[in-house]
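First the structure, in the form of structure tokens, and then the observations on it.
The values are calculated or read from the model by the stated rules, or taken from the named source; none is laboratory data. Nothing here was measured: the structure is a model prediction, and the numbers come from that model. Glycine gets a Cβ as well: all are built from the backbone with ideal geometry, and neighbour counts include every protein chain shown.
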Amino acid sequence: MVMLDVRNLKVYFQILKGTVKAVDGVSFTLDHGQTMGLVGESGCGKTTTAFAVTQLLPGNGRIVGGEIEFEDKLVAHGDIALEVHEALKGENWLANVRAAVDRVGKELEKHKADPEMTGEFHALIDMDLPVLEQLKAILGQPGSEIESDDLKKKLGKVVNRLVKGGAGIRRHKRRQRMADKELRAIRWWKVSMIFQSAMNAFNPVYRIGDQICEALLVHKDRFQLFRCGKCRVNLPEGTEKKSPKGTVCPTCGSKVTHRDMTKKEAREKTLKLFDMVGIDRSRIDGYPHEFSGGMRQRSMIAMALACGPKLLIADEPTTALDVIMQDRILAEIRDLQRTLGIAMIVITHDISVVAEVAEKIGIMYAGKLFEYGSIADIFEKPGNPYTLGLMGAFPSIKGARKKLKSIPGSPPDLMKPPTGCSFNPRCPFTKDICKQAEPPTVKVAPDHWSYCHFANEVYAGKLREVA
């Protein structure tokens, strides 16, 4: 069963020089208990994708398009006005605007009919519907099949007043407040994150134990804890009994009432978490600077697991650790994931890390998902030149000894990516079509997709020799 469904996600950042398309049309799914790896060079959009799922984007970041659903509930929804505004800046703007309007129209119809849709997201949809209707009306006029300056001005007039200046800022903040209200109930309770640098993730002036307790106490009313009014005692976690009457006290048999977690219980749970990740209990009152790199990373893991989440996002969990500590941390994450049965997304630029812990893999480049599928299939038969390049730069301890080959050049500027395929300046198989048109996402095998004009040829082995 699908737990996380990310569809056509677009996350852009506004900076003084323009718009950075950090994530541009990413789609993937994750099942309950499954582990997925997101791999790619630095700056390709891996962490931004994770921050979009948890709604932890910085102030200048916007979810421009697409949707994210967690357990069949909408948790993030793009802004049609902003998506059209950005589409009007690029090439083939009319085709992109039509595609966005058609897609969002179908999404809004589906959500409008959903009886379980929360009030906050209903309000978000109500904000987008009038904009969508105006855009449809303009695109339905005679002559709107051809790109023209007049058509561009009409479309721009509808969206510019909603996204520019003070009105645009107020609208964005309103949308953010509504979405954040819903996400607070999920964030850290159902979805948690191991941040990239544990030293920077922890507040340096608070004890680590207190910071983990705080994560617990934020959700203190959500734990299954009870109090017996007759005995006048708080029942320890898990000691209540079920009966035909409901939940009852194990001592007197009276019905019990739900209660919040206490500070004492939060501290005791934190000690148990320390035991789970292999940190001595005596270090609970230590400060971040008093912990080694490996201990800080394990403390971050303990904090992420505090509320028993269903999805854990591990962002570069082995960064800045030595090889031995990397292996220990990966082993602990893998063991905890299997023991607790949680789903996990592992973000890294080291493809060997994903090979060790994941069942499926997504390979990102320049904000796009270049290849996606089961890890066994992609390692055995890659379907994308970029994947071939990554694997060619990684040594094998089992295969024949061969000279490693790096990918020439550098990742593109995401403000001004190359036309066509963004990998074409570095790809050894580049043809004219690669420079002229964006490639399609091709299904090369069951549950295996590749973003390439020649995906089938690469998958079949006809284009395998990396120059």
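So here's what we get for this one:
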quantity	calculated
Test: P428 is surrounded by 15 or more Cβ atoms within 10 Å (Cβ to Cβ) and either assigned to a loop (DSSP other than H, G, I, E, B) or free of Cβ contacts under 8 Å to residues at least 60 places away in the same chain (or both)	no
Single match in F223, F274, F202, F195 (criterion: within 30 Å of H122 (Cβ to Cβ) and of a type in the set (F, W, Y))	F223
Of residues in the range 294-326 being in a helix (DSSP H, G or I), of a type in the set (G, A, S) and in contact with a helix residue (DSSP H, G or I) (Cβ under 8 Å, 6 or more places away or on another chain), the one surrounded by the fewest Cβ atoms within 10 Å (Cβ to Cβ)	G294
Elements of type strands (runs of 3 or more DSSP E) in the range 34-80, at least 1 residues being assigned by TED's automatic domain parsing to the domain that holds I313 and at pLDDT 90 or above	35-39
Subset of the range 228-278 [at positive phi and in contact (Cβ under 8 Å) with a residue 24 or more places away in the chain]	G278
Condition check for A366: of a type in the set (G, A, S) and surrounded by fewer than 20 Cβ atoms within 10 Å (Cβ to Cβ)	no
Filter pass, V323 being aliphatic (A, V, I, L, M) and touching a strand residue (DSSP E or B) at 6+ places or on another chain (Cβ under 8 Å)	no
Yes/no for G90 being free of Cβ contacts under 8 Å to residues at least 40 places away in the same chain, more than 25 Å from P412 (Cα to Cα) and either more than 20 Å from the chain's Cα centre (by Cα) or not in a loop (DSSP other than H, G, I, E, B) (or both)	no
Looking only at the range 89-119, and only at residues there that are over 21 Å from R175 (Cα atoms) and of a type in the set (D, E, K, R), the one that is surrounded by the most Cβ atoms within 10 Å (Cβ to Cβ)	R98
Test: residue in the range 441-448 that is closer than 18 Å to I351 by Cα and modelled with pLDDT of 90 or more	yes
